[in-house]
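Asker: Okay, here's the structure, questions in a sec.
Coordinate-derived values only; no laboratory data. Since the structure is predicted, the reported quantities are computational estimates derived from the model, not experimental observations. Cβ placement follows ideal geometry from the backbone for every residue including glycine, while neighbour counts extend to all protein chains displayed.
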């Protein structure tokens with residue numbers, strides 16, 4: 001079944017221990033849709049400026065991503081500049097130029113408003129709420145992501161959003177900030193009181209935890225020998241996750257668990273090259289192979305007597 | 001097969017968000033041997049002062065731990081005082097009184113010097129080296145633990161030790177400090193050049209990673225609802241691990257992986273109460289049950305087509 005994502009489309013400039021790149025294609029919506037495209041039909045809603053490269057639109061189209069929801073407006077595309085220092089897992093934002101993204105007011109077409117799977121990437125929760133209200137048919141499964149900024153300045157809007165989604169994706173630190181809890185089980189209990197029954201806590205290099213009504217599931221990150229650029233790992237994770245469940249159209253606990261590993265697999269590819277480069281030649285069979293390896297390094301035999 | 005541990009025996013005073021305890025039985029040797037005692041015969045070598053409580057010796061004996069290697073000398077037992085603040089995973093040491101432990105010079109009896117499994121808990125690497133030299137029969141499997149202090153002040157002695165052991169247990173931060181590497185795969189490559197073929201990186205609340213020649217294995221921590229006192233979690237982990245492999249007397253990659261989960265299971269019990277209290281009434285069947293739960297929350301189905 002098909003999947004809609006509303007998120008940012010950006011040009012990122014990054015410096016990592018592996019090198020520097022200027023103005024590479026990025027943004028939550030891009031990473032998400034590219035990762036999800038391996039599993040299901042995906043439509044992206046976002047905004048770009050007049051300076052956006054046609055070759056980047058072509059790249060998205062070649063991934064079979066429906067880009068009819070990308071609006072081109074006067075002005076420049078969203079820019080983000082960041083650096084990963086000693087701790088490769090934490091980005092230091094050097095500059096954010098919202099540009100056209102500052103006035104982002106997503107218009108959801110009639111066709112898009114009937115998509116059964118919806119991912120509200122990390123943007124202003126007011127906009128996330130609006131998108132959700134624009135859906136003409138109640139989606140089968142809605143997930144959202146967020147960040148510290150919105151917890152700081154739009155907590156009420158964010159809580160309103162969480163009350164209406166099926167799953168919240170959130171970083172570990174931000175999950176603590178949101179709930180004022182420390183222990184992940186207590187964090188989940190709090191998130192349930194907000195109204196979301198499923199929670200994914202993203203642990204970066206330590207993997208991810210999934211909490212749902214019927215189970216807790218914990219997945220390590222795939223061990224990547226050379227992390228080149230962590231930008232987009234979280235969105236690639238969410239893209240793999242949502243793409244996988246949308247493909248199967250089943251939301252039982254086993255599917256959610258497998259989807260976490262699919263998401264982790266996609267994140268592990270994302271970080272192996274700058275920006276979205278690793279996805280340029282990535283084949284579905286590469287994903288299957290890495291998923292297999294994932295099974296091997298998490299599987300253990302029962303205790304012997 | 002039987003197992004020897006050389007480590008500290010201490011009275012710990014701790015303050016955690018769950019409360020305060022004064023002078024509770026602790027020390028790496030105690031946590032390790034108590035956890036290992038569920039799986040195999042274990043002998044502890046350590047030193048206590050005249051003030052040591054007979055009831056604590058009785059407790060160890062009741063766990064079928066061979067305490068003939070515990071030496072009682074003039075002076076007071078080692079004391080450690082620490083506090084766990086907001087971040088329950090990191091202890092702040094408030095006071096260390098080495099007392100009799102400051103002159104610890106372990107004497108390894110002839111019987112102990114033939115034990116096939118040896119764990120050198122976190123003590124001065126000079127002493128760890130000496131113990132290793134005292135072994136009359138080369139053990140089948142030797143593992144050691146260490147800490148930042150020894151990396152700072154006795155790195156050469158520590159590297160000498162690592163060149164002679166089969167496995168190094170080390171915290172994540174300390175593994176980075178030791179190797180000047182960031183990425184765990186590179187950390188393992190470095191540790192191999194030091195001479196140890198197996199490495200366990202302890203990630204606290206995020207579990208543990210095992211690196212051996214034939215595989216990488218990653219295990220989450222068991223989700224504990226209420227972490228009461230994290231003291232001894234790492235040593236309980238190592239005790240479960242070593243106890244399990246000593247019990248089976250087989251050191252293949254599958255046994256090592258299962259042993260990591262056994263270790264994580266023991267650590268998850270350790271933190272549920274102050275000091276070693278949780279082990280007072282813990283039954284082997286409790287361990288089997290939690291191991292089973294562990295399987296459930298890490299197991300995932302293959303990808304569907």
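Asker: Could you please rank A:250, B:14, placing first whichever residue has the fewest other Cβ atoms within 10 Å of its Cβ?
Answerer: By the 10 Å Cβ count, ascending, the order reads A:250, B:14.
Asker: Can I ask one more? Between copies, how close do the residue B:22 label points come, placed 7 Å along Cα→Cβ, listed in nm from shortest?
Answerer: Listed shortest first, these distances are 6.8 nm.
Asker: Counting other beta carbons within 10 Å of each Cβ, put A:291, B:32, B:206, A:241 in order, fewest first.
Answerer: So the residues, fewest neighbours to most, are A:291, B:206, A:241, B:32.
Asker: Quick one: with label points 7 Å out along Cα→Cβ, list the inter-copy distances for residue B:185 in nm, shortest first?
Answerer: Values, ascending and in nm: 3.5.
Asker: Sticking with this one: Label residue B:289 and residue B:213 with points 7 Å out from Cα along Cα→Cβ: what is the distance between them in nm?
Answerer: 4.1
Asker: Can you pull the mean other chain C-beta count within 10 Å for peptide A:174-182?
Answerer: 1
Asker: Continuing with this model, one more query. Given 4 °C and 1.567 mPa s, compute D for chain A with the Stokes-Einstein relation, Rh being the Kirkwood radius over Cα pairs; round to the nearest whole µm²/s.
Answerer: 67
Asker: Highest mean first, how do B:169-177, B:3-11 rank when packing is the count of other Cβ atoms within 10 Å averaged over residues?
Answerer: The most tightly packed comes first, giving B:3-11, B:169-177.
Asker: A further question on this structure: Ignoring solvent entirely, what values of log10 I(q)/I(0) come out of the Debye formula for the protein assembly as shown at 0.12 Å⁻¹ when each Cα is a single scatterer?
Answerer: Values, matching the q order: -1.14.
Asker: Which three numbers, in whole Å and largest first, are the semi-axes of the equivalent ellipsoid of region B:37-188 derived from its Cα gyration tensor as √(5λ)?
Answerer: Semi-axes from the Cα gyration tensor: 26, 22, 15 Å.
Asker: Take the rotation relating chain B to chain A, measure from its axis to every Cβ in chain B, and name the nearest residue with the distance in whole Å.
Answerer: B:206, 2
Asker: Hey, another quick one. Over all residues in B:212-219, what is the mean tally of Cβ atoms on other chains that come within 10 Å of each residue's Cβ?
Answerer: Mean partner-chain Cβ count within 10 Å for B:212-219: 4.
Asker: Still on this structure: Restricting to chain A, what percent of DSSP beta bridges are antiparallel, rounded to 5?
Answerer: 40
Asker: Partner chain Cβ atoms within 10 Å, averaged over the residues of A:184-190 - can you pull that number for me?
Answerer: So the per-residue partner count for this stretch is 2.
Asker: Along Cα→Cβ at 7 Å, what distances in nm separate the residue A:95 label point from those on the other copies, shortest first?
Answerer: 5.5
Asker: Here's something else I'd like to know. Counting helices only, and only those DSSP H runs with n ≥ 4, report the 222 nm mean residue ellipticity of chain A as the sum of -39,500 (n - 2.57) divided by its residues, in deg cm²/dmol to the nearest 500.
Answerer: -11000 deg cm²/dmol
Asker: On to the next question. Can you tell me what percent of all Cα-Cα pairs in region B:194-305 are more than 19 Å apart?
Answerer: Counting pairs separated by more than 19 Å, the tail of P(r) holds 45 percent.
Asker: Report the Cα centroid-to-centroid distance between region B:117-159 and region A:167-222 in angstrom, as an integer.
Answerer: Cα centroid of region B:117-159 versus Cα centroid of region A:167-222: 39 Å apart.
Asker: What number in nm² do you get for region A:9-56 if you take the convex hull of its Cα atoms and divide its surface by four?
Answerer: Quarter of the Cα hull surface area: 4.2 nm².
Asker: Based on DSSP, what percent of beta bridges with both residues in the protein assembly as shown are antiparallel, to the nearest 5?
Answerer: About 40 percent, rounded to the nearest 5.
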